[in-house]
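Peer 1: Sharing a structure below in C-alpha cells format, with a few things to ask.
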Amino acid sequence: MRKFIYPFAMMAGLIIASSCTENEGARMRELRTRSISTAASASDNTGNPDAAPDANCPSPDTRMAYEDNNEAGIALNWQPTDAFKGFYTTPHVQEVVGQETSALFTYSEASAAGDNARARFTGNVAEDVDANTSFNLFYPAARSTGNTWQEAQASLTGQVQNGNNSTAHLSAYDYMRATGITGIESSLVPFEHLLAIMRFDLTLEGYDPKADGEPCLFLLHYEGEKPFYETLSASTAAGIADSRTRNLSVGLENIEIPSQATETLPANGLRVYFMMVPTTLPAGELTATVVCRNGTRYVKTQTLSSEVTYEAGKRYRAMNFSLSKSGEEIIEYDDPHAVTPMEYNGSGTEADPYIIESTENLQQLIQYVNRDDYAGKYFRLTKDILINSDKWSPIGGHNNETGVDGKFFYFKGHLDGDGHIVKGVMKCQSFTAAFIGAASEGSVKDLHILADVENNSRSTAQAAHTAGLIAYISGTVPYSISNCSYNGRITSAGGGNHVAGLMGSTYAPLTINGCINRGSVSATDNAASSSTQTYVGGIIGCAQSNVTISQCSNYGTFRITGAVSSGSGGIIGYSSSSANLDCRYCDNYADIHRGSGCTYVGGICGQVSGSASLHSCNNHAALSVNADKETTVRGSIAGKATSQASIKDCCIDARGNTLPLIGEGQTTSPCNENHGNSASL
C-alpha cells in the first residue's frame, strides 16, 4: 500500500455580519444571537463547478465533492449543501443554556472569484461572542452527536458506495475538526482531517455476472485482535476503545463490473473507497472480501510481515488486489434430523466465545436454546452458512406455529457474525420466522443474510413476525444490532404481518446502527385472520418499545396485500404510541411501494403513533402513486405522524418529489437538541 497526503488544507475566515436574529430553538430558549459569516477555502482546487442547490433540500446535507487524481491525491470542492458545527460557550450561553451550545454554519455563497475551493458560510452565535470566545468546529454537521464538545462523537458504520469507482459517499464521513479557535470574527481557521481515505483496486478473477450476481458488500477482516474502530471522538481525534472491531464493511450498490478494461479499471475490476479511523495493524493476516448477491465470495488474504500504521489526513491505495472465488468450507444445513448436536469450542465469554464452526454446532444452538437461553454467553461464527433444508427452525422462537398458545424461547446470547454470510432459503411455517426467531437481552453484529425467507404462518389471531435476521425481540434489557445487512426476498403470509429486512417486531429497547436492507418484502394477510394490521420496513417492521436507529439505509421494495390497515417505511414501518423513536442519519433510496396497496407510506417511517425524533434523515426516492390508484397517504419522510413527533434537518433530494414531509398529521414538539435549521411542518 502507498500513502498520499490530501493535497489541501482547510482554512476558514469569519467576518461579522450586521444582522441580528432571535433563535427560537428549544435548547437555546431565549438566547439572543447574531449572524456571522465564514469564508472557508480548500487549496489546490481542481476547478470543477459546484452543483446547483436543491430546492427540495431545505437543510444542510454536507456533500463535499471529491476528485481522485491518483498520485496527485484527492482534491475537494465545497458544495452548496455543506455545513459544519461550532461548539462554544459565553457568559450569556451559561446563563441561558447552562453549558456549551453549538452553532450551525451553512453554505451561503460561492467565491466571487469563481474558486470552487472557497465559499462563504453563515451561522447564528450568541450576541456576546467576542475575540476571546473559543470555538471547536466539526465537519460535517449532520454526523456529530452529543450536546457538548466532550460528548461529540461520529460513527463510521453504514458506509455505502453507489457505483463502481465512486467517491460520492466519502463526503458524509470525511470528519474534520478545528479546536481552540479564538478571534473567530477575523481568524483563518485550519481544519484538521481526522480520518484516512482508503482505496482498494480489486480484480474479481473469473467473475460471472449471471452466476454470481452483482457485488453487494466489501469486507476487510483482520485475523487476531481488534485494530479497527467504528466510532471516533471529536475531542480526542481518536477511535473510541469500546468500538474496536476486527471487521470493516462497505455496502455496494449499482456496481457494474467491466468485462473489458476501461480507462480507469481493468477487466473485472472494482475500485472501492471508504473512510477509516487512524490505526496500527500488527503483523498478521488481513483479508479483503467481495460478496455478491448470489452468495459468491471473492477473497484475498494478505500477510503483513510487520505492523502498518494508517494516519489521518492521508489517502492510502491498495493496488492490484486480485481476488479469487472462495473455496473455503461452509456450514451446510440441509437435513437437521441427520445431525447430532455437538458442543462448542470456547468457554462462552467475550474473550473466549463459543465457536460455531460446523453444522453440528449450529444444530446445538438451535436445539438447546429451548432448554438453555444462553443468557450472557458470547458466540462467534467462523464460517458461512448455507441453508437448504425443507424446513428451517430458527434459533429461538415460539413453540406454537399459530402464536396463540404455547411460549417463547429466547436466545439471550451475543452473536458475532465476524463478517460471515447466511445464504440459501429459510422455509418456515412459523409465528416467528427469521435466522433468529426470538431474542432478548443480547446483541448481534457483523452478520449478513443473503438467504430468502418464505413464511407461510398459520397464525390467525396475531400478527406473524418475519425478517431476515431477527423476527421478534422482547424484554426490558436493551438489545443491540450493528453492522448487519439483508439481501434477499421475504414473503410472509399470516394473521397480519410485522415484516422487515432486518427485524420484524421489537417489544424491548433496541439500538440498531449501520445496517442495510437490499431485500424485497411481500406481505399477504390471512383472509381468516382477526388481525389485519400489517407493518413493513426496511430495517424494522413494528416497534412497541423505545428504539434508536442510526446510519441505516434501505434499497429494498415492499408489497402489501389484504391488509385493512398498514404502514410501510424505508427504515421502519410502524412506531407505536408506547414507543419513543429516535432515528438519525438514515436514508431511503427505494420507491418502496410501486403498484401495491398500503395505508401509509413514508420514505423513512410509515406510521408514527407516539413520540419520535427524526434527525438528518434523507429520502432519495419519488414514492410513486400506486398503479391501481388505491388510496394511500404518502409523505417523503413519514406517511403519518402525531404531534409528539419532531422532524429536524431532514432532506428530500428526489427530483420531482413534491410530497410533504408528513402525509398526514403534524409535528409540533420541538427538538431537544440544537441541529440548526428545522424541516418540521
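The values are calculated or read from the model by the stated rules, or taken from the named source; none is laboratory data. No experiment lies behind these values; they were computed from the predicted model shown. Reconstructed Cβ throughout: ideal geometry from the backbone, glycine too, with neighbour counts over all protein chains shown.
Peer 1: Out of (1) touching a helix residue (DSSP H, G or I) at 6+ places or on another chain (Cβ under 6 Å); (2) in a helix (DSSP H, G or I), the odd one out for Asp128 is which?
Peer 2: With respect to (1) touching a helix residue (DSSP H, G or I) at 6+ places or on another chain (Cβ under 6 Å); (2) in a helix (DSSP H, G or I), Asp128 is out only on (2).
Peer 1: Another question, then. Only one of these is in the same structural domain as Thr287 (by TED's automatic domain parsing), over 29 Å from Lys427 (Cβ atoms) and part of a loop (DSSP other than H, G, I, E, B): Ser347, Ser306. Name it.
Peer 2: Numbers: Ser347 fails: in the same structural domain as Thr287 (by TED's automatic domain parsing).
Unique residue meeting the criteria: Ser306.
Peer 1: Now for a separate question. I'd like to check something: does the range 261-269 contain any residue that is buried (at least 18 other Cβ atoms within 10 Å of the Cβ), of a type in the set (Ser, Thr, Tyr), in the same structural domain as Asp201 (by TED's automatic domain parsing) and touching a residue at least 12 places away in the same chain (Cβ under 8 Å)?
Peer 2: Scanning the range 261-269, I find no residue that is buried (at least 18 other Cβ atoms within 10 Å of the Cβ), of a type in the set (Ser, Thr, Tyr), in the same structural domain as Asp201 (by TED's automatic domain parsing) and touching a residue at least 12 places away in the same chain (Cβ under 8 Å), so the answer is no.
Peer 1: Would a scan of the range 241-253 turn up a residue that is closer than 21 Å to His420 by Cβ, basic (Lys, Arg) and without any contact (Cβ under 8 Å) to a residue 24 or more places away in the chain?
Peer 2: Checking the range 241-253: at least one residue is closer than 21 Å to His420 by Cβ, basic (Lys, Arg) and without any contact (Cβ under 8 Å) to a residue 24 or more places away in the chain.
Peer 1: Those residues that are in contact (Cβ under 8 Å) with a residue 60 or more places away in the chain and either surrounded by fewer than 21 Cβ atoms within 10 Å (Cβ to Cβ) or β-branched (Val, Ile, Thr) (or both), I need them from the range 205-232; list them, please. Reasoning before the result, please.
Peer 2: Keep residues of the range 205-232 that are in contact (Cβ under 8 Å) with a residue 60 or more places away in the chain, which gives 205-207, 211-224, 229-232.
Scanning the range 205-232 gives Glu205, Gly206, Ala211, Gly213, Glu214, Tyr222, Glu223, Gly224, Thr231.
Every residue, every condition in (1) modelled with pLDDT of 90 or more; (2) touching an Asp or Glu at 6+ places or on another chain (Cβ under 9 Å); (3) among the basic types (Lys, Arg), yes or no:
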{"position": "Asn116", "(1), (2), (3)": "no, yes, no"}
{"position": "Ala119", "(1), (2), (3)": "no, yes, no"}
{"position": "Phe135", "(1), (2), (3)": "yes, no, no"}
{"position": "Pro140", "(1), (2), (3)": "no, yes, no"}
{"position": "Arg143", "(1), (2), (3)": "no, no, yes"}
{"position": "Ala154", "(1), (2), (3)": "yes, no, no"}
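Peer 1: Cβ-Cβ below 9 Å, separation at least six or inter-chain, first residue in the range 570-584 and under 12 Å from Ile604 (Cα atoms) and assigned by TED's automatic domain parsing to the domain that holds Thr534, second buried (at least 24 other Cβ atoms within 10 Å of the Cβ) and of a type in the set (D, E, K, R): which pairs?
Peer 2: Gly570/Asp587; Ile571/Asp587
Peer 1: Would you be able to tell me the number of residues in the range 438-495 that are among the basic types (Lys, Arg) and modelled with pLDDT under 90?
Peer 2: Matching residues across the range 438-495 total 1.
Peer 1: Please state which of the following conditions Glu151 fails to meet, knowing it meets all the rest: (1) without any contact (Cβ under 8 Å) to a residue 12 or more places away in the chain; (2) at positive phi.
Peer 2: (2)
Peer 1: So, one more: Just for the range 394-419: of the residues that are touching a strand residue (DSSP E or B) at 6+ places or on another chain (Cβ under 8 Å) and among the charged types (D, E, K, R), which one is modelled with the lowest pLDDT?
Peer 2: It comes out as Lys407.
Residue by residue, here is whether (1) buried (at least 19 other Cβ atoms within 10 Å of the Cβ); (2) farther than 21 Å from Gly313 by Cβ; (3) touching a Pro at 6+ places or on another chain (Cβ under 8 Å) holds:
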residue: Gln94; (1), (2), (3): no, yes, no
residue: Arg118; (1), (2), (3): yes, no, no
residue: Phe121; (1), (2), (3): yes, yes, no
residue: Ser134; (1), (2), (3): no, yes, no
residue: Phe138; (1), (2), (3): yes, no, no
residue: Thr145; (1), (2), (3): no, yes, no
residue: Gln150; (1), (2), (3): no, yes, no
residue: Ala154; (1), (2), (3): yes, no, no
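Peer 1: Let me ask something additional. Given (1) at pLDDT 90 or above; (2) more than 18 Å from the chain's Cα centre (by Cα), where does Asp582 come up short, assuming only one miss?
Peer 2: Failed condition: (2).
Conditions tested, residue by residue: (1) surrounded by fewer than 23 Cβ atoms within 10 Å (Cβ to Cβ); (2) assigned to a loop (DSSP other than H, G, I, E, B); (3) modelled with pLDDT under 70.
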position	(1), (2), (3)
Asp591	yes, yes, no
Arg594	yes, yes, yes
Gln607	no, no, no
Ala612	no, no, no
Val625	yes, yes, yes
Glu630	yes, yes, yes
Gly656	yes, yes, yes
Leu659	yes, yes, no
Pro670	yes, yes, yes
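Peer 1: If you check every pair at least six apart or on different chains, which have Cβ atoms under 8 Å apart with a residue in the range 610-623 that is in the same structural domain as Ala590 (by TED's automatic domain parsing) and without any contact (Cβ under 8 Å) to a residue 60 or more places away in the chain first and a residue that is among the acidic types (Asp, Glu) and part of a loop (DSSP other than H, G, I, E, B) second?
Peer 2: Asn619/Asp653; His620/Asp653; Ala621/Asp591; Ala622/Asp591; Leu623/Asp591
For (1) within 23 Å of Ser480 (Cα to Cα); (2) part of a helix (DSSP H, G or I); (3) in contact with a strand residue (DSSP E or B) (Cβ under 6 Å, 6 or more places away or on another chain), each residue gets a yes or a no:
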{"position": "Glu360", "(1), (2), (3)": "no, yes, no"}
{"position": "Gln367", "(1), (2), (3)": "no, yes, no"}
{"position": "Asn370", "(1), (2), (3)": "yes, no, yes"}
{"position": "Tyr374", "(1), (2), (3)": "yes, no, no"}
{"position": "Lys383", "(1), (2), (3)": "yes, no, yes"}
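Peer 1: Tell me the strands (runs of 3 or more DSSP E) entirely within the range 201-283 that contain at least 3 residues that are over 30 Å from Asn147 (Cβ atoms).
Peer 2: Result: 215-223, 247-253, 269-276.
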